[in-house]
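Every read-out reported here was derived from the displayed coordinates using simple, explicitly stated rules and does not represent laboratory data. Just so we're clear, the structure is a prediction, and the values are computed from it rather than from any experiment. Cβ sites come from the backbone with ideal geometry, for glycine too, and all protein chains shown count toward neighbours.
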Amino acid sequence: MSQRVSCDSCGRTFPVASPLAQCPCGGLLGVTQTPAETGAALRRRFDARVGADPAVQGSGVWRYRELLLSGRGPIVAHPEGNTRLYRRDALARYVGVADLQIKHEGENPTGSFKDRGMTVAVTHAVRTGATAVACASTGNTSASMAAYAANAALPALVFVPAGKVSAGKLAQALAYNARTLLVRGDFDACLRLVREASSALGIALLNSINPWRVEGQKTIVWELLQQRGWDPPDWIVVPAGNLGNTSAFGKALRELKELGVLRRLPRLAAIQAAGASPFFKSYRTGFKRRFTMNAETVATAIRIGDPASYDRGVRAIRDTRGVVAAVGDRAILEAKAAVDAAGIGCEPASAASIAGLRQLVARGVVKPGQSVVAVLTGHVLKDSQTVMDWHLGKGRGRNRPVEIEARVSAVEKLLRR
Ligand SMILES: *Cc1c(COP(=O)(O)O)cnc(C)c1O
Ligand SMILES: [Zn+2]
């Protein structure tokens, strides 16, 4: 097996052992995979590892190691992945398709899919001699990086927008002992700052522009396909912010097709929050124009106005005959309440995939008879304040707590109501 790292913009190539996270020209680095095996042989190898893969502690990311990162050295696995696929009739009815599966990436060790990319990026950082790691984050990247850096005994430096990160995510960064900087500015400002600071200070940059994170995030798609016996659904739906995941999903599908593992590709549906929808606006021009905006949405994990992986996101949508949609905060919160009430639960950004799917079915883009896997990106406890605000607020479907005297009669009276 072998890998090659090259720049999307200038084409310059680098060895896998290069510590760079971005090209000196400012372009994004990407990894080209040429495994020794293809097709059915590769599939059999991956299948044989399910449930028992002691070399990597059963990790659902490193199961696919021939298509991730080559070379010798330690693997910094939590381990991660192996998230479940759910069926819930109530949610299938809510979105309007009978054949709906939910892939819950909030079941990763730090509560979001970011762990899948982080295990590969931190492993690469350790192998290339990093002395510290850094990232800008809307919350989950910092939580994940902090945990994996702690695991690898590397100092971690986190840049988050002051006042715009949920308490749960901020608490994780502090708990896992990352040096946490609250930047006066939005996520896009944090990303600009960390890109400059990391190259000036020689710190490994672990944002989603880091090519190894993209490699790890491909395994969301591979694992869901494997869980379906490699039978692709008609659609895969994913929330879209910085477009790291959208890009990774596109690359994951492209590679499996090229390697002869899949014959038919699912279509991607990337869902943005209406208040943070530059990619959706570009999509509506047929990607003729690129937009940026000042992002504002309750879904803080996708509150991004200038997506770093824009070009790759475009390619992912084009390659899969995909679509992009945008949903308002109200629709996101209602969809989240539906996911939560089904006993599954997710953070607001994750619910964008359910709200977006519901909209696409209503518009006739996704047909009721088609099969769909919707990805939930983060855990319900990541943002408990939004849950409380919703249920303590006014409107239908709220579940207000009731304060009572500590007497059985008070309980009885309530139940009779
Ligand atoms: C990071 C994140 C996203 C956005 O993913 P991108 O790769 O930036 O598009 C969505 N949901 C959650 C919970 C996240 O943590
Ligand atoms: Zn370059």
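For segment 351-399, the residue among Ala362, Met388, Asn399 whose Cα projects farthest onto the positive side of the dipole built from Cβ charges is Ala362. In segment 288-417, Cα pairs under 8 Å separated by at least six residues give a relative contact order of 17 percent.
In the calculated pair distance distribution of segment 7-127, what percentage of Cα-Cα distances lie above 20 Å? Write down the numbers at each step before the final one.
Values: 4205 of 7260 pairs.
Roughly 58 percent, once rounded to a whole number.
Would you please give the FRET efficiency between Ala410 and Ala162, computed as 1/(1 + (r/R0)^6) with r the Cβ-Cβ distance and R0 = 35 Å, to the nearest 0.05?
Numbers: r = 44 Å, r/R0 = 1.25.
Rounded to the nearest 0.05, the efficiency is 0.20.
Figure legend: label point modelled 7 angstrom from the Cα of Asp47 along Cα→Cβ; residues of segment 212-233 with amide N under 13 Å from it are 226-231. For segment 344-417, a simple Cβ point-charge model (Lys and Arg +1, Asp and Glu -1, everything else neutral) yields a dipole of about 420 debye relative to the Cα centre.
The alpha-carbon positions of the chain define a convex hull whose volume is 154 Å³ per residue.
Cα convex hull of segment 2-55: how many Å³ per residue? Don't skip to the end; give the middle numbers.
Values: hull volume 6.2 nm³, N = 54.
Taking only Cα atoms, segment 2-55 has a hull volume of 114 Å³ per residue.
Sorted from longest to shortest, the spans of the Cα atoms of segment 132-235 along the three principal axes equal 46, 28, 26 Å. Antiparallel beta bridges, as assigned by DSSP with both residues in the chain, represent about 30 percent of the total such bridges. The P(r) of segment 317-417 has a tail past 24 Å containing 39 percent of all C-alpha pairs.
Specify, per residue and in Å³, the volume enclosed by the convex hull of the alpha carbon atoms belonging to segment 21-87. Present the calculation step by step, with values, prior to reporting the outcome.
Values: hull volume 11.0 nm³, N = 67.
Each residue corresponds to 164 Å³ of Cα convex hull volume.
A dipole drawn for segment 253-355 from +1 and -1 charges on Cβ atoms has a positive end, and of Ile332, Ala295, Pro266 the residue lying farthest that way is Pro266. In this structure, the amide hydrogen of Ser371, modeled 1.01 Å from its nitrogen in the peptide plane, lies closer than 5 angstrom to those of Asp234, Trp235, counting only residues at least 5 positions away or on a different chain. Return the tail of the calculated pair distribution for segment 82-146, meaning the percent of Cα-Cα pairs more than 20 Å apart. When every Cα pair of segment 82-146 is considered, 46 percent fall beyond 20 Å. Residues in segment 254-259 carry Karplus couplings, in order, of 4, 5, 5, 5, 4, 8 Hz; the curve used is 6.51 cos²θ - 1.76 cosθ + 1.60 with θ = phi - 60°, and Gly or Pro positions show x. The magnitude of the dipole of the chain, with charges of +1 and -1 set on the Cβ of Lys/Arg and Asp/Glu and taken from the Cα centre, is near 860 debye.
Computed over segment 197-314, the P(r) curve from all C-alpha pair distances, binned at 10 Å from the origin, holds 13, 39, 33, 14, 1 percent per bin. Here the gap between Arg284 and Leu193, fully extended at 0.36 nm per residue and compared with their Cα-Cα distance, gives a gain of 29.7 nm.
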